[in-house]
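Below is one structure; the comments refer to it alone.
Every number in this text was worked out from the coordinates using simple rules, so none of it is lab data. These figures come from a predicted structure and were not determined experimentally. Don't worry about glycine lacking a Cβ; one is built from the backbone with ideal geometry, like all the others, and counts go over all protein chains shown.
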Amino acid sequence: MIFGLLGVMNFAHGELYMLGAYAGIAVIGVTHSFWVALIAAPLLVAALGAVTEVATLRPLYRREPLYGLILTFGLALVFREGARQIWGGDMRRVLPPVTGSTPLLGMTYPNYRLFLLGASSALLLLIWLFFTRTRAGVLVRAAVQDAEMLDGLGVNVPRLFTLTFAGSAALAALAGLLLAPVFTVYPQMGVEMILLAFIVVILGGMGSMGGSVVAALVIGTAQSLFSLWMNPQRVAIAIFAIMIVVLIVRPRGFFGREGVLE
Amino acid sequence: MKRIASAVVLTTVAALAVVAAPAVSQPKVVKIGDLGSKVGVFEGYGKYQTMGIQMAVEELNAKGGVLGHRIEILSEDDETKPAPAVRKAEKLILQDDVKLLVGVVSSGATMAVMDVTKKHKTIHWNSVSCAEFMRTTKFHKYYFSNQPDSRMQANGLAKYIVDKMGKRVYIFYTDYAMGQSDGRQFKTALEKLGGEVVGVAGAPLDTKDFSPWFGAINQAAPEVLFLAFAGTDSLRLMTQLHSFGMTRKYKLAGIDCFLLQQDLPSIAEPMEGFVQLNHFSAYNPDKSMQAFNAKFRKRFGVDANIAAGAYDAVHFWAAAVEKATSFDPDRVAEAHEGMCREETHIGRQCIRKEDHQVVMDMHLYQVKGGKNIPIARIAGTDSIGEPMVGRDPVEGFSWEIKKKN
Amino acid sequence: MSRVVTWRVLVAFVALAALPALPGIPTYYLLLAFDALLFGAIAMSLDLLMGYTGLVSFGHAAFYGLGAYATAILLERGVLSLWACLGGALVVVGVYAAIVGYFATARRGIYFALLTLIFAEVVYTFFRYTQTFGGSDGIQGLPDAHLWRGVPIDTPQRKYYLVLVYLAVAYAICRVVVTSHFGRVLVAIRENEDRARFLGYRVQRYKMAACMISALLTGLAGAIYPMRAAFATPDLMLWTESGEFIISVMIGGLGTLVGPILGGAFFTILRDKVSSFVDWYFIVIGVVLVLIVLFMPKGLLGIRRLHGFRQWRQGA
């Protein structure tokens, strides 16, 4: 899962994920192509994200980050209900662009899930390259560390933040559409996802991208390992138990640094 | 502090104003409550329930209403959760003084609402929920149901499965009131008929990813996979089963209300061959059903479905009120008992006196090309079972799998 | 009268106490008033943490839900005494709050919010997936609790007075807390935690104590809820419920105590009234919340009190 990585604690992120799926359905309706939608939907949601950021979040950057949390909770309500009004509460299906299944390790896996595995790994790699190898990526990281310093260096920080937010919105939308054929699409779909994202971010350590990736992998692996010998209902509880243990032993998560966003 | 105090005063005044308002009511109107899911897993069912009620009320009002009162519908949303369901039921009964409450969809919420209708003596019809507690331990005088409950469904379905589909069955159910009840009753019925349950598993209501359960199902290697799910859970489950190639590997069967007819075309391919119990299908050649469907189509532009029950419920209630010549809940409830109506969506139906269950024929359908095609009809008298009011329907039951050596 | 209880508040309580005596008041409004006051009381307890100590908890629904389950489990097993239920809730919520509080108060700002959120989610998941406590259906069909042997709290009037008494006690406790030396230390922590620490206060102990008081009051509210609704379900602990508590505090005004009571009551009545007419009321609530955060960050009634609010955000 690739979202919530940018250090923006955003309750509406799950709703952007949901909107990505709906935007994807709309685009598929016009073009009949999943692949076109995969490009167009994130762009649409990124645009919405940018507008939202400028209109509501920008005035808040100089205030306590908690306000951002409360504000985005309100935004989430608006997006969710808005989607229900526009598209109705019925569940929508998106047909997977890749069909068939492959036998693997004694189980049969749908090809689309294997495709997802590949696609998300590729995306992770791209994001990692972006943050470490490009100027823009380095600037974003710098801004998370010390926005004022960056401002002093003549970088347009508000614009940078807007772009960052739009970028993370696009990623959320991309995830929403990619997962749509597996989880189906409905207005409440973002609510569960956002919690998972928060957990990943906290476990990984706030502000550490690598940490989030590791945490996501750990949770995913633990989940599938546990379901081998446990009732899947218990797995959900076990995952939380692990998380609490981690937080007790390493309060800042796997790779958290002192003082980020505190 | 002044501001705060004045705010308190203002709020109180406002509250009083609201309280005073409903005192002025129009004469000769009787209100009925439509409580259904408009948000959540069972959203679709709530929507069609409203349509069914609406159609019945329009017909009744065109004939001068009931006991000379025009019927007015008040619709409320239960958000598919017990807490809002109870709050809304209280509102409908205590504030709006409804004489009939139809609802709700989720069995968990229905049982919570039954406590309210029992306490405030309100006629309560249910046409969707099917947990077995509702006509046994939870049963009360004012509660009526024209949805076959788990026991009826299990009796009907188990026989067909054992005879025609296969004896080794895996039971996969939603882990809440309805699914547990369906799974339990089905297991009991199947084992009685000589079938073998090779595995059972429950997934919570509103599960997103069912694939963690698939490994165990494959290991048990059943012939038939029995699914007790409903609403959006069913849609998601079928999509995922299909992508794992399991819809072709096993024969599939499921409960009433597994999926609405309206959802079938979009999921036609995974559902192909699915055997489902349902009391209504637009593709059933039965004359009464076709007539009802034509009426429904004309009014709403879509095929009718399980919501036919809500339509019948309102008519049953109206007939009982006319018979009792009063809206008094005790008299209306007694008038219901043993009552038969000729013109329900499937012709003649009767309400059994002992547990207020409508004795109804059930139909088995197989999905072909996104349509429910009838394959068998089971007489209601064969499946309803003995009345068990006040007796625990799960006594002595165990999920344990009996190994056949 | 002292600083603790002003005349106006007393008048308001007397007015509320007279409500059931009004001729022709429909029973339904008493039940709605019950919900409104209970919600208001929870918002007030949260305000103790949010408004005075500067800690935003996104996990109050867990305290509420645990309290409700404590009562539900006892009532289900035939323990009908109100006092036993309240006591049971205090113990359960107290233990849980101590654990959460210990870890969460070690952190500041957004970390506190997220830790409370995650702990609450653990509790939610546990009750939702544990069939012993009814799974996602919760525990239903509970009998009425008894004030003492032979005096059941069965009529809407009695239930209403139960919640009113609870609100009065909770308000008194909150007032005593915020007007005491302890309360002023909390405000000092909110204003500047480091400075409070340098002045020799054991900051975490104070935060922990505030957290416990707030959690226990919320847990008591939860314990009362099943006595009116006759059930407890996991939905009571869903994180969106915590969000609604926060919305109520924000509507009412941070750091005012009375404000959140009104906010909570307003929110409950709004939801009840509006949802019967339009099904998009959540959009309205969302927009209201966004506007409040943007233009009135202290809430509708919080303008007078918090002069030092600017420091609050800097301190975090």
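Listed values, structure above:
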{"quantity": "Mean separation of Cα contacts under 8 Å (6+ apart) over length of the range B:307-405, as relative contact order %", "calculated": "14 percent"}
{"quantity": "Rotationally averaged projected area of the protein assembly as shown (alpha carbon convex hull; nm²)", "calculated": "39.5 nm²"}
{"quantity": "Average beta carbon contacts from partner chains per residue of B:83-92, 10 Å cutoff", "calculated": "5"}
{"quantity": "Förster radius 25 Å - calculated FRET efficiency between C:V274 and C:F295, Cβ distance, rounded to 0.05", "calculated": "0.70"}
{"quantity": "Charge-dipole axis of the range B:215-319 as Lys and Arg at +1 and Asp and Glu at -1 on Cβ define it, positive-most pick from B:Q261, B:F229, B:G245", "calculated": "B:Q261"}
{"quantity": "Estimated FRET transfer efficiency (A:V245, A:L43; beta-carbon r; R0 30 Å; 0.05)", "calculated": "0.15"}
{"quantity": "Inter-chain Cβ neighbour average for residues B:106-114, partner chain, 10 Å", "calculated": "3"}
{"quantity": "Rounded Å value of the spacing that divides the Cα centres of the range C:181-251 and the range C:108-135", "calculated": "16 Å"}
{"quantity": "Ranked packing of B:292-305, B:114-127, C:35-48, most packed first, by mean Cβ within 10 Å", "calculated": "C:35-48, B:114-127, B:292-305"}
{"quantity": "Anchor B:K192: lysines whose Cα lies under 17 Å away (excluding residues fewer than 8 positions away in-chain)", "calculated": "B:K159, B:K164, B:K167, B:K402, B:K403, B:K404"}
{"quantity": "Viscosity 0.890 mPa s, temperature 25 °C, Stokes-Einstein D of chain C from Kirkwood C-alpha radius, µm²/s", "calculated": "124 µm²/s"}
{"quantity": "Convex hull volume per residue for the range B:327-385, taking Cα atoms only, in Å³", "calculated": "111 Å³"}
{"quantity": "Subset of B:K187/B:K251; B:K38/B:K187; B:K298/B:K323; B:K121/C:K159; C:K159/C:K207 violating a 28 Å alpha-carbon distance limit", "calculated": "B:K38/B:K187; B:K298/B:K323; C:K159/C:K207"}
{"quantity": "Cα long-axis angle, helix C:109-129 against chain C (0 to 90 degrees, to the nearest 10)", "calculated": "20 degrees"}
{"quantity": "Whole-number percent relative contact order across the range C:7-315, with pairs defined as alpha carbons under 8 Å at least 6 apart", "calculated": "33 percent"}
{"quantity": "Residues with amide H under 5 Å from that of C:H146, placed H, sequence gap 5 or more", "calculated": "C:S81, C:L82, C:I153"}
{"quantity": "Choice from B:Y311, B:Y365, B:Y283 with maximal GNM fluctuation in chain B (Cα, 10 Å cutoff)", "calculated": "B:Y283"}
{"quantity": "Eligible aspartates and glutamates near B:K118 by straight Cα distance, threshold 13 Å, same-chain separation 8 or greater", "calculated": "B:E90, B:D330"}
{"quantity": "Cα centre as origin, Lys/Arg/Asp/Glu Cβ charges: the range C:7-315 dipole, Debye", "calculated": "1200 debye"}
{"quantity": "Unpaired by the 4.7 Å Cβ criterion, cysteines found in chain B", "calculated": "B:C130, B:C257"}
{"quantity": "Table column - 3J(HN,Hα) (Hz), the range A:32-44, Karplus curve with 6.51, -1.76, 1.60, x for Gly and Pro", "calculated": "6, 10, 5, 5, 4, 4, 4, 8, 6, 4, x, 5, 4"}
{"quantity": "Per-residue mean of C-beta atoms belonging to partner chains within 10 Å, peptide A:176-189", "calculated": "3"}
{"quantity": "Chain B - percent relative contact order, Cα under 8 Å, separation 6 or more", "calculated": "17 percent"}
{"quantity": "Packing-based ranking, highest mean first, of B:356-362, B:145-151, A:27-33 given that Cβ atoms within 10 Å are counted", "calculated": "B:145-151, B:356-362, A:27-33"}
{"quantity": "Set of lysines with alpha-carbon distance to B:K295 below 23 Å, sequence-local pairs under 8 removed", "calculated": "B:K47, B:K63, B:K287, B:K371"}
{"quantity": "Residue-wise HN-Hα coupling along the range B:61-66, computed from phi with Karplus coefficients 6.51, -1.76, 1.60 (Hz; x: Gly, Pro)", "calculated": "5, 5, 9, x, x, 10"}
{"quantity": "Check: the protein assembly as shown dipole with +1 on Lys, Arg Cβ and -1 on Asp, Glu Cβ, in debye", "calculated": "1840 debye"}
{"quantity": "Signed unit charges on C-beta, dipole axis of the protein assembly as shown, positive-most listed residue A:V98, B:M51, B:Q276", "calculated": "A:V98"}
{"quantity": "Other-chain or far-sequence residues with amide H under 5 Å of B:E72's (modelled H)", "calculated": "B:V30, B:K31, B:I32"}
{"quantity": "Per-residue HN-Hα couplings for the range A:178-188 [Karplus 6.51, -1.76, 1.60; θ = phi - 60°; Hz; x = Gly/Pro]", "calculated": "4, 8, 4, x, 8, 9, 6, 10, 7, x, 8"}
